[in-house]
Every structure is written in C-alpha cells, then in structure tokens.
Amino acid sequence: MISLLLADLGVGFSIGCGFLVDFFVNRFLAKNVIVVTFFLASLGILIVVLTHKAAWVWALMTPIGASIAVGYSAILALFSDQVSENEQGWVMGVTGSILALCFGLTSFLTGYLANFGTSIPMYLAVVGIASGGIIMLLIPKKKFKKNSA
C-alpha cells in the first residue's frame with residue numbers, strides 16, 4: 001500500500017512538472033507561484049497529519065505532489081534568472097548538489113526523528129515548507145533581477 005501511495009504522490013509530481021509549471025510560471029510572477037504552492041503543500045501535509053483518515057491521505061497526495069513540483073520548478077527558474085547565462089550552469093549545479101545533500105540527510109533525520117513520534121517528520125515538513133514560503137514572501141521585489149519576482 002505504501003508503494004501505491006508514493007505512486008499517487010508521483011502522479012502529482014508528473015502533473016505538476018508536465019503541465020502545471022508552464023501554465024503558472026508563464027502567467028504569474030515566479031515569486032507568487034512559489035509562495036502559493038509552498039503554502040498549499042504545507043496545508044495539504046498538515047491536513048494529512050491531523051485527520052488520521054486514509055481517504056484524506058489518498059485524496060491529498062496528488063495535489064501535494066503537484067504543488068511541490070510547481071514550487072520547486074518555479075524556484076529553480078527564479079535562481080536561474082538571478083545570474084547571467086554564463087553562470088546558469090553553475091547555479092543549477094550548486095542547486096542540484098544541495099538538493100542531493102538534503103535528500104540524503106532526510107533519510108537519516110526522518111528515521112531518527114520518528115523515534116520521538118511518527119508525525120514529527122511531517123510536522124517538520126509543514127514548518128520547513130511554510131518557512132520557505134514566508135521567506136519568499138518577505139523578500140522585497142527589488143531584490144530580484146529580470147521579471148521573475
């Protein structure tokens with residue numbers, strides 16, 4: 001059942017990356033897309049943790065995955081827009097390296113934190129993703145280059 005639930009999340013990632021990113025990034029400012037999708041993902045995860053109902057978990061996995069995919073893709077575009085064309089490869093490489101490090105640390109930290117309660121990693125995910133949205137919200141528009149803010 002866990003693998004099917006992760007597949008449900010993967011469907012959301014696929015829909016988000018395959019269809020929704022272009023739609024939102026081409027119509028709205030990247031900063032706004034990031035803030036909204038991060039808050040939607042946080043809200044979805046919080047509902048999953050608080051309800052303890054399987055139907056909610058199954059129903060929310062696809063929208064959570066889509067929100068995370070759109071937000072992540074928009075933040076990559078925002079990073080890329082902040083540097084010249086010559087530096088974009090470097091920025092994407094550093095971003096990819098940080099992402100890989102975070103995925104690796106997540107494996108260890110999730111197992112450790114679950115010792116204190118199985119919901120603790122989920123609550124930390126809510127706090128972390130919402131914090132990212134708040135930070136993006138607080139960054140002044142003039143700090144962004146080009147028309148990506």
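A few points about this structure:
- Residue 72 vs. criteria of a type in the set (Ser, Thr, Tyr), assigned to a helix (DSSP H, G or I), surrounded by 17 or more Cβ atoms within 10 Å (Cβ to Cβ) and under 20 Å from the mean Cα position of the chain (by Cα): yes
- The residues of segment 26-55 that are polar (S, T, N, Q), under 22 Å from residue 76 (Cβ atoms) and either modelled with pLDDT under 95 or more than 16 Å from the chain's Cα centre (by Cα) (or both), listed by number, are 26, 32.
- Whichever residue in segment 19-36 is in contact with a Leu (Cβ under 9 Å, 6 or more places away or on another chain) and within 30 Å of residue 118 (Cβ to Cβ) and, among such residues, is surrounded by the fewest Cβ atoms within 10 Å (Cβ to Cβ): 35
- On the stretch given as segment 26-65, residues that are among the hydrophobic types (A, V, I, L, M, F, W, C) and either touching a Ser or Thr at 6+ places or on another chain (Cβ under 7 Å) or part of a loop (DSSP other than H, G, I, E, B) (or both) total 6.
Let's see how each residue does on (1) in contact (Cβ under 8 Å) with a residue 40 or more places away in the chain; (2) part of a helix (DSSP H, G or I); (3) over 27 Å from residue 26 (Cα atoms); (4) hydrophobic (A, V, I, L, M, F, W, C):
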| residue | (1), (2), (3), (4) |
| --- | --- |
| 92 | no, yes, no, yes |
| 95 | no, yes, no, no |
| 101 | no, yes, yes, yes |
| 105 | no, yes, yes, yes |
| 111 | no, yes, yes, no |
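- Selection of first residues in segment 46-61 that are more than 13 Å from residue 118 (Cβ to Cβ) and of second residues that are part of a helix (DSSP H, G or I) and small (Gly, Ala, Ser), restricted to Cβ pairs under 7 Å at least 6 apart or on distinct chains, gives the following pairs, ordered by first then second residue: 60/44; 61/12.
The values are calculated or read from the model by the stated rules, or taken from the named source; none is laboratory data. What you are looking at is a predicted structure, and each value in this text was computed from that prediction instead of being measured. Note that each Cβ is placed from the backbone with ideal geometry, even for glycine, and that neighbours are counted across all protein chains shown.
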